[in-house]
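Asks: Got a structure for you, questions after.
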Amino acid sequence: MMKTGFLFLLMLLMGKGCGSDAQKDMSNTVVDYTANARGFYQRIVVKNQHYSVYKNRRDEQDAAVKDQLLSDADWKVLVEEFQKLKLQELSTYEAPTKKRLYDGAPHADLKITYHDSVYQSQTFDHGAPPAQIQKLVEKINQLAPKS
């Protein structure tokens, strides 16, 4: 009985340690989502539990949201979705729609800088990301102010 309790406690502590490692990894990561078309520009950068939103491609000093702290709930979702990603495969994910090819939707892409390596998606329609990154992209887009 004593051994079982000790093993359970050890497993619990090890599990908590792994969770904090995942957040530490995300804190060293930059997630950069950009969508643009004629008359539309939106760039959302998430880094170390903070985010910034840019609406002007020519003057990124004029940020709509600058270095805002993410809520714990939003950060948790972003970390969980980031952990599901296969970064080496990000560039192979196919866009489900092609409206951007005839100006039916803004062009969008996701770029992730993780431990000095850059991973970038193929271009996809803003609002219709590949299924593998859909939840992450949707959560990122929820950060932008509605205008």
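Computed from the coordinates by the stated procedures, all read-outs in this text should not be read as laboratory data. Quantities reported herein were computed from a predicted structural model and do not represent experimental measurements. Every residue, glycine as well, gets a Cβ built from its backbone with ideal geometry; the counts of neighbours run over all protein chains shown.
Asks: Using a cut-off of 19 Å between alpha-carbon atoms, which aspartates and glutamates can reach residue 99, once sequence neighbours fewer than 8 places away in the same chain are excluded?
Replies: Excluding near neighbours in sequence, the set is 109, 125, 138.
Asks: Further question: Between residue 103 and residue 57, take the C-beta separation as r, use R0 = 22 Å, and let me know the FRET efficiency to the nearest 0.05.
Replies: FRET efficiency, residue 103 to residue 57: 0.80.
Asks: Among the listed pairs 86/139; 66/135; 66/98; 76/146, which have their C-alpha atoms separated by more than 27 angstrom in this model?
Replies: 66/98
Asks: Based on the Cβ-Cβ distance from residue 37 to residue 131, what FRET efficiency comes out when R0 is 22 Å, to the nearest 0.05?
Replies: E(calc), rounded to 0.05, equals 0.45.
Asks: Let me ask something else about it. Select from region 40-123 those GluC sites (Glu not before Pro) which occupy a DSSP coil region and have at most 11 other Cβ atoms within 10 Å, ordered by residue number.
Replies: 94
Asks: Under 18 Å from a point 7 Å along the Cα-to-Cβ line of residue 142: which residues of region 74-102 have their amide N that close?
Replies: Under 18 Å, as judged by backbone N against the label point of residue 142, lie 74-85 of region 74-102.
Asks: Separation between the residue 50 and residue 69 pseudo-spin-labels, each 7 Å from Cα along Cα→Cβ, expressed in nm?
Replies: Those two pseudo-labels are separated by 1.1 nm.
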